[in-house]
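Derivation of every value follows stated rules applied to the coordinates shown; laboratory data play no part. Everything numeric here is computed off the predicted structure, so don't read it as measured data. Because the Cβ atoms are built from the backbone with ideal geometry, glycine has one as well, and the counts that use them run over all protein chains shown.
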Amino acid sequence: MKFNGESIVVDADVARASGVSEHPSSKNSRDLLQTLLRIKHKVGFCPILLDEWKKHRSLFAKQWLTSMTARKLVVRLSPPPIVRAYIDAAEITEAQREIANKDAHIVDAALASDKFIASNDKKARDVFCRVADSSGSLCTVIWAIPSEDGEQISAILSDGNDIPPGWKLMHV
Amino acid sequence: MKISVEGYKSIAEKRTVNFSNLTILSGANSSGKSSFMQPLLLIKQTLENDFDAGSLMLDGSNVKLTDSSEIVSKVSGVDKKNFSISLSNKDYEIKASYKFRSRRGMHIDNVYHKSADFKDGITISHGLSQTEAEKLLPPEQVALFKDSFSKNGKVHWKVERDRCFLAIKMHLNNQRSPFQFGFDPSRKLGILATRLIHVPGLRGNPERSYKVAVSDNLYPGSFERYVASIVHQWECNSRHKIKFQLLKDQLKELGLASSVSTKNINETRLELKISRFAGCNQHPSDYVNIADVGFGVSQTLPVLVALLAAKKDQYVYIEQPELHLHPKAQFGLAKIIASAVTERNVNVVIETHSSILIRGIQILVAKTKLRPEAVSLNWFTQDNENGQTNINEASLDKYGAFGDWPSDFDDVILNVEQMYLDAVEEAISNEI
């Protein structure tokens, strides 16, 4: 399956990672952001996500966001908050529910755009895979981890490579 | 207003810039930014020169060239011995073409003019006969002048060189008539050139004293030599106290000085004095000669004074306004430039390498302090294969965004940040 969407949602933890020197997650995060800028790929932000990005002190991330904004590559989303209902209905622990609620806005943003998330939060992905059991629409969302698969993500977005099936929010 | 240049240095093929209230020329070094403006500056210094040598003045206050061969485009695949500069808007188009003549320099070859009076456009060249020249003029007025001067002799019109332009001039008995009725097709181009305020990139070393330079709305040559006299006039004349105060405020905003003052040394020389530090009380002992402070003040003062001195609709061309300025001051310049545009209707053209300055302009647009349509962004690049200059134009939207833009612009900062962080990461992982 290839990615044909216009925009992806990039979590604020990618902004954080890009500004520090944690090997290899930081370089991979920076490389992904640079790829998005280089190939002029749009990114979608809901208000909460944009606030999170702005709170990060990473100069690299701030500069990147400025460049993307100046090039009209930032899509401002106003997604309806539907994911919380899925989280509430899901058969998961309270601790997992807390993890999921923290990132509900990211999944809402993905559902309101082209269903592609780039986030280093593996724990959150695992939880949302379980939440997807009770939600058909979540199963179509791709959650990619830049710190691990940065190069592959770049190849999918720039060269049209296939998306690994395992990146979908599905509980295996 | 559009200006087009063709056949000049790396601008072999015609390239056009749309001049707005604020026109920004940006790009890598040697991409052709200065070359684009040089034809207009050559015309300026030729018209302002006391002596008419017949050719374009190559070595002057605004442009310093030594040989016409330096102007002729050497872009491979293009064989041009002419260069031209065009000025146009919705009402008219004027194009002056200059021909390279070995050992004689660059001479005006022809002028093209199109306007409401000449809807199909006309070309005036040396080869135009008297009959053809006369036909270009309004027939009723030609008849009127012929009648009026019939007692004095024969009236006819000829194409003549007028400095670096061609014009149709009236002759009486084969001699130039002191009373003129004719046609100057390049007039608007000449006016633009002579009214242009030029603040060059090399603004001279700060001097202990400056020659008094009298000026009004026109500033022949490069602008920096008028700065001391203008500031002195503003300081001493109560009519100009607002401008003097604005200048002091702007110097303070940029963090360069809290005040400026001048002193008459004698009838022909002035001293420019700057406050020693930010908290000065403006006591005479708090001022030092401008030559004794950092370059930031002496190089920025011409920029600020030019923007304040310019009249409504006058063009101010500033090369590298950000020179010798701390990044914070570079950012502060954006507001000062924008205020000249919005509050005093000055037309500003800046050639800049400062992405901070451009970002400052974008912020002002996003904050609705500057209309997006008032800004024209132009990015110059040079073709890697043949050296031809290319110009990409971008306009800003209401958020100050310019959309698709050549990748070089301000990516350098991001790339450098990345290189540093990657290097640190690699060093840390090697230590582990």
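Remarks
- Relative contact order of the stretch A:7-167, pairs being alpha-carbon contacts under 8 Å that are 6 or more residues apart, as %: 31
- Straight-distance crosslink candidates among aspartates and glutamates, where the alpha carbon sits under 20 Å from residue B:241 and sequence neighbours closer than 8 are dropped: B:216, B:249, B:253, B:271, B:343
- Shielding value for A:16-22 is 3, the average number of Cβ atoms from other chains within 10 Å of each residue's Cβ.
- Qualifying chymotrypsin sites (Phe, Trp or Tyr not before Pro) for the stretch B:6-94 [loop in DSSP, other Cβ within 10 Å: at most 13]: B:51
- Ranked list, fewest to most other Cβ atoms within 10 Å of each Cβ, for B:226, B:315: B:315, B:226
- Gaussian network model of chain A, springs between alpha carbon atoms under 10 Å - residue of A:44, A:136, A:19 with greatest fluctuation: A:136
- Contact order relative to length of chain B, as percent, for alpha carbon pairs under 8 angstrom and 6 or more apart: 17
- Angle between chain B longest axis and helix B:227-236 axis [Cα atoms, degrees, rounded to 10]: 80
- Computed P(r) (all Cα pairs; the stretch B:33-102; 5 Å bins; percent): 3, 14, 23, 26, 19, 9, 4, 1
- Under 20 Å from residue B:146, Cα to Cα: aspartates and glutamates that are on another chain or at least 8 residues apart: B:132, B:134, B:160, B:184
- Cα-based reach from residue B:211 at 17 Å (exclusive), listing lysines while leaving out same-chain residues under 8 positions away: B:263, B:273
- Taking the C-alpha atoms only, the angle from helix B:139-148 to the longest principal axis of chain B is near 60 degrees.
- Ranked for footprinting exposure by Cβ neighbours inside 10 Å, fewest first, A:39, A:163 give A:39, A:163.
- Among B:78, B:412, B:159, residue whose mean-square fluctuation peaks in a GNM of chain B (springs only between Cα atoms under 10 Å): B:412
- Helix B:33-48 vs. chain B, principal-axis angle (Cα, 0 to 90°, nearest 10): 50
- Per residue of B:413-425, other chain Cβ atoms within 10 Å of the residue Cβ number 6 on average.
- Least to most buried among B:277, B:331, B:118 (fewest other Cβ within 10 Å first): B:277, B:118, B:331
- Alpha-carbon centroid distance for the pair the stretch B:319-377 / the stretch B:8-23, whole angstrom: 20
- From helices alone, chain B scores -9500 deg cm²/dmol at 222 nm; the rule is -39500 (n - 2.57) for each run of n ≥ 4 DSSP H residues, then divide by the residue total.
- Centre separation in Å (Cα based) which lies between the stretch A:140-172 and the stretch B:211-247: 64
- Most mobile of B:393, B:70, B:267 in a GNM of chain B (Cα contacts under 10 Å): B:267
- Given B:2/B:312; B:2/B:33; A:40/B:398; A:40/B:369; B:44/B:119; B:44/B:252, the pairs whose alpha carbons are separated by over 22 Å: A:40/B:369; B:44/B:119; B:44/B:252
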